[in-house]
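Just so you know, all these numbers are worked out from the coordinates, no wet-lab data involved. Please read these numbers as outputs of a predicted model, since none were measured by experiment. Here Cβ is always computed from backbone atoms with ideal geometry, including for glycine, and neighbour counts include all displayed protein chains.
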Amino acid sequence: MDFSLFAHMERVDRTDSHETLYSDFIDLCKMADQGGMRAIWTGEHHGMDFTIAPNPFLSLVDIAHHTQNVRLGTGTVIAPFWHPIALAGEAAATDLMTKGRLEIGIARGAYSYEYERIMPGMDAWEAGQRMRETAPTLRKLWQGDYAHEGEFFQFPATTSAPKPVQENGPPIWIAARDPNSHEFAVANDFNVQVTPLWQGMEEITSLMGRFNAAKAQNPEKSPKIMLLHHTYVAKDAADADRAIQELTKFYCYFGAWFQNKRPVTQGAIEKLTDQDVADNKMISADELARDLTVGTAAEVIDRIKRYEDLGYDEFAFWIDSGMSSDRKKESLARFINDVMPAFQ
């Protein structure tokens, strides 16, 4: 099993400056590279202090200057916000600038807060259809002289300038949940990235089942599947309990952004009170302790062994959590030093 780091600049309050957040982000990326992780993933979000990542390509080019070996992935670009020609060109330029280290994760997006500001009137269904039209054009544009007549985009024969360094272009990953998304990804020879947020092993197992079913329909394809999961490696049981409390608060903010009902000022959502967190019946500490990859090194190893037995090719350590920079670094260090060696 391969291991990667999934990270953004992120905050639930304004304790740290953007400059500090970016310095901490780069430090985590250096740790991932020096610790032997396969890849670093960072995504695309707009106007939200909760997840600060307006252009993943820009971040990845800079990360390339601070790292040596790690692959660099968009986790993910929001396809509906891009014209295919622009996406193909910026991806190819990033592959050139990073000397062929780029991988591209693509999604439809999740936050209606972003939709209503960048693509007013677009809903999740249309976003998904735009993603399905855009993703297959990338390899054709990298090859060049490709003309397109689709539902959302029409353009005459066009090529990507520059061309990617990697033959056939960077690997492409599709963020998938429902069976149709798995089938779309595998049929197009794209890899699959899944993100179970709750329901624990039940959802992790069902997502693998959807991937296997899609592979059975396309036996000539050989895609990989990555499990992206919030992770914390604790020094002891008390530290694990503290991490669950922190992640509970983080998930309450995540849910508030997703619902898009609270006021937002200067990119910050209206602060949640302790009572708001306690009253959130959809998110409880007990359920998160059951559902997320949180525990001592031995407990995390046991959980990931179960994911590996299901057939997952890669485990992405999702480090966004609202925790302090020091706590993130300590957890990642324990993961690199105490967990990863169990899979070598």
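Summary table below
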| item | result |
| --- | --- |
| Residues with amide H under 5 Å from that of residue 177, placed H, sequence gap 5 or more | 182 |
| Charge context of residue 152, other residues only, Cβ under 13 angstrom, K/R +1, D/E -1 | -1 |
| From phi via Karplus (6.51, -1.76, 1.60), per-residue ³J(HN,Hα) for the stretch 46-56 in Hz, x at Gly/Pro | 9, x, 10, 5, 5, 9, 9, 6, x, 8, x |
| Among the listed pairs 249/329; 30/99; 99/140; 140/221; 221/328; 271/329, those beyond 28 Å (Cα-Cα) | 221/328 |
| Calculated FRET efficiency for the pair residue 178/residue 271, C-beta based, R₀ 35 Å, to 0.05 | 0.55 |
| Charge context of residue 103, other residues only, Cβ under 11 angstrom, K/R +1, D/E -1 | +2 |
| Extension gain (nm, one decimal) between residue 206 and residue 189, 0.36 nm per residue minus Cα-Cα | 4.0 nm |
| The stretch 2-343: antiparallel DSSP beta bridges as a percent of all, rounded to 5 | 15 percent |
| FRET efficiency for residue 126 and residue 260, using Cβ-Cβ distance with R0 set to 22 Å, rounded to 0.05 | 0.85 |
| Interchain or long-range residues, amide H under 5 Å from residue 284's placed H | none |
| Counting DSSP beta bridges with both ends in the stretch 201-344, the antiparallel % (nearest 5) | 20 percent |
| Sites residue 62 and residue 16, calculated FRET efficiency, Cβ-Cβ separation with R0 25 Å, nearest 0.05 | 0.85 |
| Within the chain, helix-based [θ] at 222 nm, where runs of 4 or more DSSP H residues each add -39,500 (n - 2.57), nearest 500 | -14000 deg cm²/dmol |
| Convex hull of Cα atoms in the stretch 1-43, direction-averaged projection (nm²) | 3.4 nm² |
| Neighbourhood charge, 14 Å Cβ-Cβ cut-off, centred on residue 196 and excluding it, Lys, Arg +1 and Asp, Glu -1 | 0 |
| Value of Rg to Rh for the stretch 102-185 (Rh from inverse mean 1/r over Cα pairs, i.e. Kirkwood) | 0.99 |
| Two-decimal Rg to Rh for the stretch 2-343 - Kirkwood Rh, Cα set | 0.95 |
